[in-house]
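Remarks on the structure that follows.
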Amino acid sequence: MNLKLRLTILSFLQFFVWGAWLITMANFWFGTKHWDGTQFGAVFGTMGIASIFMPTLIGIIADRWINAERMFFALQILYGITLFILPHSADPNSFFSVMLVAMCFYMPTLALANSISYTILKNSDLDVVKDFPPIRVWGTVGFIVAMWITNLTGNKATEGQFYIGGIAAIVLGIYALTLPKCPPQKLIDKSAPLIEQFGLNAFKLFGSYKMALFFVFSMLLGAALQLTNAYGDVFLSEFAHFPKYADSFVVQRSTIIMSISQVSETLFILAIPFFLKKFGIKKVMLMAMFAWVLRFGFFAYGVPDGYGLSLIILSCVVYGMAFDFFNISGSLFVETTTDKKIRSSAQGLFMMMTNGFGAVFGSYAAGWAIDKFFTHKFTTASDLSTYLETTPDNATFLEILKNSFNSAVNPDGTLSSIVMVKDWQNIWLSFAAYALVLTILFAILFKHKHEPQDVSSIKH
């Protein structure tokens, strides 16, 4: 089989096993289990917690002792098994614990998959900058296919989404063993200091002002990266609370709408080589940061019909630039500015900052802020119906009140139980303001001169 095709299959399955549940987990959490937002922020933060130490640790092992493809095999098999266990959790705390284990197995495979692809391409004397993006784009396709399968099979709020991901992960693990071998580089002398023996010298990158600043902004932007993954689908699904939108396509097929974001990714991934060579690392990263401002801003004013629907679609379109331009250009930046002895460790460090510290900060802060500042509590039918743009006697409103909020209208007009509704517009506007501040600070503080030969050198 063609080498690029083999790596394409790797990329497709790598993101399929994540996309099967990542976007729809919130529907399982809020819609099926009826657990709260702060706890959900903690559960979504497990990806960040695992990314703080696992990618770096696995990168060190792959650099020093074990073939990368064998390590990848073991992690995917264990991840798949854990996904089968996850939906049987009886409460939020047990769900958190099992999800944390699953993420400890999965998150390091993101950086490991990149390292495997880079190694195989270089060993075959291929151009990483030119050949990797078209391969990586199929990871996004895999993510889209998984989302569609989950939604169209009626599993977006059920445990089935985790079973789909688990089966695919086991298949992926076995497939990894068929790839060309990626043995440890073993470029570090056995007489070297202990810190170098264990690959911990990758942390010395923080001694460089430019690298330290890059990692700090990676962390801060990482706080924004997962927010739409965590809340995007449930945001669209909760338009079902509005009688006039309850039966809209956006509500019924929210995951399909969200998949436009991943379709956009496929286009922007293919554009990365041109943008990197034309504008350089810094400008590409700035484009990504400003795209996050637009992503959140468009969501803030989006609704399921008319002009508002156009904004939702535009938000999904700019997501491709927001996500890919930073993640992939950042990964290639690390590849060009670090010594080959510690590249796997350095890639793990990049993942640790974005999907680790950044995601933990973003998940916990967002979950807490949404519960404390952006959740409205209603005690009367008139106030709630006004907010939902309807009337207290509307039949659909009364049905939504019963089925979605487990409440009813008392004879005096009060509600039988307090109804809590998230203020999505201000949630997204606050996220947009955060991304805008980051963009401005990065433009001022990060100094990096565009050298076309730096990008070209990745292929060697």
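The values are calculated or read from the model by the stated rules, or taken from the named source; none is laboratory data. Every value quoted in this text rests on a predicted model; they were computed, and no experiment measured them. Here the Cβ is made from the backbone with ideal geometry for all residues, glycine too, and neighbour counts use every protein chain on show. Heavy atoms of the whole protein, side chains included, go into the accessibility calculation; ligands, DNA and RNA do not. Shrake-Rupley method; radii C 1.70, N 1.55, O 1.52, S 1.80 Å.
Starting from residues that are open to solvent by less than 10 Å² (accessible area, probe 1.4 Å) and under 15 Å from the mean Cα position of the chain (by Cα), keep the ones in region 297-325 and report whichever is nearest to His241 (Cα to Cα).
So, considering only residues that are open to solvent by less than 10 Å² (accessible area, probe 1.4 Å) and under 15 Å from the mean Cα position of the chain (by Cα), the one nearest to His241 (Cα to Cα) is Cys316.
What are the pairs, 6+ residues apart or on separate chains, where a residue within region 234-254 that is of a type in the set (D, E, K, R) has its Cβ under 8 Å from a residue that is at pLDDT 90 or above?
What qualifies is Glu238/Val421; Glu238/Lys422; Glu238/Trp424; Lys244/Glu389; Lys244/Thr390.
Restricting to region 274-287, give me the number of residues that are open to solvent by less than 10 Å² (accessible area, probe 1.4 Å) and touching a residue at least 60 places away in the same chain (Cβ under 8 Å). Outline the logic, then answer.
Just the residues of region 274-287 that are open to solvent by less than 10 Å² (accessible area, probe 1.4 Å), to begin with: 276, 280, 284-285.
So of that shortlist, the ones also touching a residue at least 60 places away in the same chain (Cβ under 8 Å) come out as 276, 280, 285.
Residues meeting the conditions: 3.
Residues in region 186-208: is at least one among the aliphatic types (A, V, I, L, M), open to solvent by less than 20 Å² (accessible area, probe 1.4 Å) and modelled with pLDDT of 75 or more?
no
How about region 326-362: which of its residues are more than 12 Å from Ile272 (Cβ to Cβ), open to solvent by less than 10 Å² (accessible area, probe 1.4 Å), at pLDDT 80 or above and not hydroxyl-bearing (Ser, Thr, Tyr)?
Val334, Phe350, Gly358, Gly362
In region 387-422, how many residues are assigned to a loop (DSSP other than H, G, I, E, B), surrounded by fewer than 15 Cβ atoms within 10 Å (Cβ to Cβ) and free of Cβ contacts under 8 Å to residues at least 60 places away in the same chain?
Of the residues in that region, 8 qualify.
In region 368-386, what residues are among the aromatic types (Phe, Trp, Tyr), buried (at least 16 other Cβ atoms within 10 Å of the Cβ) and over 14 Å from Val421 (Cβ atoms)? Don't jump to the end; show me each part of the working.
Looking only at region 368-386, we keep the residues that are among the aromatic types (Phe, Trp, Tyr), and these are 368, 373-374, 378.
Next cut, buried (at least 16 other Cβ atoms within 10 Å of the Cβ) only: 374, 378.
Result: no residue meets the conditions.
Condition check ((1) within 23 Å of Ser259 (Cβ to Cβ); (2) of a type in the set (A, V, I, L, M, F, W, C)) across all residues:
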site: Phe12; (1), (2): yes, yes
site: Ala20; (1), (2): yes, yes
site: Ile60; (1), (2): no, yes
site: His88; (1), (2): no, no
site: Leu100; (1), (2): no, yes
site: Tyr106; (1), (2): yes, no
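Select from region 98-141 the residues that are hydroxyl-bearing (Ser, Thr, Tyr) and under 16 Å from the mean Cα position of the chain (by Cα) and write down the one among them that is modelled with the lowest pLDDT. Walk me through it before giving the result.
Of region 98-141, the ones hydroxyl-bearing (Ser, Thr, Tyr) are 106, 109, 115, 117-119, 124, 140.
Right, trim to under 16 Å from the mean Cα position of the chain (by Cα) and you get 106, 109, 140.
Values: Tyr106: 94, Thr109: 89, Thr140: 82.
Filtering first and then ranking leaves Thr140.
Go through region 96-128 and give me each residue that's over 19 Å from Asn327 (Cα atoms), touching a Leu at 6+ places or on another chain (Cβ under 7 Å) and part of a helix (DSSP H, G or I).
Those that are over 19 Å from Asn327 (Cα atoms), touching a Leu at 6+ places or on another chain (Cβ under 7 Å) and part of a helix (DSSP H, G or I): Val98, Met99, Ala102, Phe105, Ile120.
Conditions tested, residue by residue: (1) in contact with a Leu (Cβ under 9 Å, 6 or more places away or on another chain); (2) under 21 Å from Gln161 (Cβ atoms); (3) surrounded by 19 or more Cβ atoms within 10 Å (Cβ to Cβ).
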residue	(1), (2), (3)
Trp18	yes, yes, yes
Ile23	no, yes, yes
Ala26	no, yes, yes
Thr32	no, yes, no
Asp36	no, yes, no
Gln39	no, yes, no
Thr46	yes, yes, yes
Ala50	yes, yes, yes
Ile60	yes, no, yes
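Could we say that Ala365 is in a helix (DSSP H, G or I), touching a residue at least 12 places away in the same chain (Cβ under 8 Å), hydrophobic (A, V, I, L, M, F, W, C) and surrounded by fewer than 17 Cβ atoms within 10 Å (Cβ to Cβ) here?
Working: in a helix (DSSP H, G or I): yes; touching a residue at least 12 places away in the same chain (Cβ under 8 Å): yes; hydrophobic (A, V, I, L, M, F, W, C): yes; surrounded by fewer than 17 Cβ atoms within 10 Å (Cβ to Cβ): yes.
Answer is yes for this residue.
Restrict the check to region 297-304 and report whether at least one residue is in contact with a Ser or Thr (Cβ under 7 Å, 6 or more places away or on another chain), under 27 Å from Phe214 (Cβ atoms) and of a type outside the set (Gly, Ala, Ser).
Here is the first cut: in region 297-304, the residues in contact with a Ser or Thr (Cβ under 7 Å, 6 or more places away or on another chain) are 298-299, 302, 304.
Pick out the ones that are also under 27 Å from Phe214 (Cβ atoms) and you get none.
No, region 297-304 contains no residue that is in contact with a Ser or Thr (Cβ under 7 Å, 6 or more places away or on another chain), under 27 Å from Phe214 (Cβ atoms) and of a type outside the set (Gly, Ala, Ser).
Considering only residues that are part of a helix (DSSP H, G or I), among the aromatic types (Phe, Trp, Tyr) and at pLDDT 75 or above, which ones fall in region 44-72?
Taking region 44-72 and keeping what is part of a helix (DSSP H, G or I), we get 44, 46-64, 68-72.
When the remaining residues are screened for being among the aromatic types (Phe, Trp, Tyr), the result is 44, 53, 72.
Scanning region 44-72 gives Phe44, Phe72.
Yes or no, residue by residue, for (1) under 15 Å from Leu152 (Cβ atoms); (2) open to solvent by 30 Å² or more (accessible area, probe 1.4 Å):
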site: Asp233; (1), (2): yes, no
site: Leu236; (1), (2): no, no
site: Phe239; (1), (2): no, no
site: Ala246; (1), (2): no, no
site: Phe249; (1), (2): yes, yes
site: Ile256; (1), (2): yes, no
site: Val263; (1), (2): no, yes
site: Ile272; (1), (2): no, no
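Scan region 96-133 residue by residue and report those that are farther than 24 Å from Ala346 by Cβ and not polar (S, T, N, Q). Explain how you work it out, then say what you get.
As a first pass, look at region 96-133 and keep what is farther than 24 Å from Ala346 by Cβ: 96-102.
The answer is Phe96, Val98, Met99, Leu100, Val101, Ala102.
Which ones in region 85-128 are open to solvent by 30 Å² or more (accessible area, probe 1.4 Å), in contact (Cβ under 8 Å) with a residue 40 or more places away in the chain and among the small types (Gly, Ala, Ser)?
Across region 85-128, the qualifying residue is only Ser124.
Taking region 73-84 as the region of interest, how many residues are at pLDDT 95 or above and open to solvent by 40 Å² or more (accessible area, probe 1.4 Å)?
The total comes to 3.
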